[in-house]
1. Cβ-Cβ distance below 9 Å, separation of 6 or more or different chains: which pairs start in the range 84-98 with a residue that is within 17 Å of residue 62 (Cβ to Cβ) and end on one that is crowded, with 18+ Cβ neighbours inside 10 Å and polar (S, T, N, Q)?
2. Criterion first (under 20 Å from residue 221 (Cβ atoms) and either out of contact with any strand residue (DSSP E or B) (no Cβ under 6 Å at 6 or more places or on another chain) or among the basic types (Lys, Arg) (or both)) does residue 33 satisfy it?
3. Test of understanding: among 129, 239, which residue is outside any loop (DSSP other than H, G, I, E, B) and free of Cβ contacts under 8 Å to residues at least 24 places away in the same chain?
4. Out of all the residues in the range 66-98, which are closer than 23 Å to residue 228 by Cα, surrounded by fewer than 24 Cβ atoms within 10 Å (Cβ to Cβ) and of a type in the set (Ser, Thr, Tyr)?
5. Would you check if residue 191 is without any contact (Cβ under 8 Å) to a residue 40 or more places away in the chain, surrounded by fewer than 17 Cβ atoms within 10 Å (Cβ to Cβ) and either touching a helix residue (DSSP H, G or I) at 6+ places or on another chain (Cβ under 6 Å) or part of a loop (DSSP other than H, G, I, E, B) (or both)?
6. Restricting to the range 139-188, and then to whatever is farther than 16 Å from residue 207 by Cβ and among the hydrophobic types (A, V, I, L, M, F, W, C), can you tell me which residue is surrounded by the most Cβ atoms within 10 Å (Cβ to Cβ)?
7. Looking for something closer than 22 Å to residue 182 by Cα and without any contact (Cβ under 8 Å) to a residue 12 or more places away in the chain - is there at least one such residue anywhere in the range 107-124?
8. For the range 216-230, indicate whether the set of residues that are of a type in the set (Phe, Trp, Tyr), within 22 Å of residue 20 (Cβ to Cβ) and either at pLDDT 95 or above or within 16 Å of the chain's Cα centre (by Cα) (or both) is non-empty.
Amino acid sequence: MPSCAPALVPLALVDSHCHLDAPEFAADRDSVLARARASGVVAQIIPAVTAASFSALAQLTAAEPDLHAAYGLHPMFLAEHRPQDLELVRERLSSGTAVAVGECGLDYFVEDLDPEQQRGYFLAQVQLAQEFDLPLVLHARRSVDEVIATLRRIGKLRGVVHSFSGSEEQARQLWKLGFSLGIGGPVTYDRAQRLRRIVASMPIEYLLLETDAPDQPDQWHRGLRNEPANLATVAQTIAELRGVSVDEIAQATSDNARRVFRLS
């Protein structure tokens, strides 16, 4: 990979996972959004992480037609969740403005997150996704096998495992279940050999681009706040890994995002 970020021509890109509502963007959110649009990001999926963020997220996405809300309870914020928050998720889904359920899932990397409590919230949100016929935006860290087993058991589900970091076999199982892989900044690092092998040869119809901003910056922005404008460098890296044009990656992944989230 080059030592500096490549010069990129604006493309039509969809950021399938960006936390633009995060407090890290409070001071300059309008400028961040303007830079994203100037770089070719034509739509962003913004998944909630706690019920406390629902109202602000709804206001943000209502004001900007290229921003789309997902509502869910993130496993890493387990201490902030209450059982009644699931009813608040239901209320948001009932409004008809959500494009997905999430961010939800399981995180077994952080040791002090109670697995049983995580499973309870996760299963309830999976069932809501099935009830409302919405895709899931999934967090699966050191839990991919259990997430796959749950999806298989419930059935009739779709969505994306964001920031996928599993094995090639786990990826194949997810594709068989109709789930996409969200790929972002980590793929730009040379050390991510397994992920790069998967991305280089995976079926293009299951590939989504993401930034996970403000987290997980690419190698050229390491240590800095990530932004959705950096999505173009992810697309360029994937194009190089697959030996195709960046325009092809942009077109395919944007079409995939529109299909998964039923964007107009």
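1. 97/61
2. Criteria met by residue 33.
3. Values: 129 fails: free of Cβ contacts under 8 Å to residues at least 24 places away in the same chain.
Result of the check over 129, 239: 239.
4. 97
5. Yes; evaluated as a whole, the condition is true for this residue.
6. 140
7. No, the range 107-124 contains no residue that is closer than 22 Å to residue 182 by Cα and without any contact (Cβ under 8 Å) to a residue 12 or more places away in the chain.
8. For the range 216-230, residues of a type in the set (Phe, Trp, Tyr), within 22 Å of residue 20 (Cβ to Cβ) and either at pLDDT 95 or above or within 16 Å of the chain's Cα centre (by Cα) (or both): present.
The values are calculated or read from the model by the stated rules, or taken from the named source; none is laboratory data. Note that this is a predicted model, so its numbers are computed, not measured. Virtual Cβ from ideal backbone geometry, glycine too; neighbours counted across all protein chains shown.
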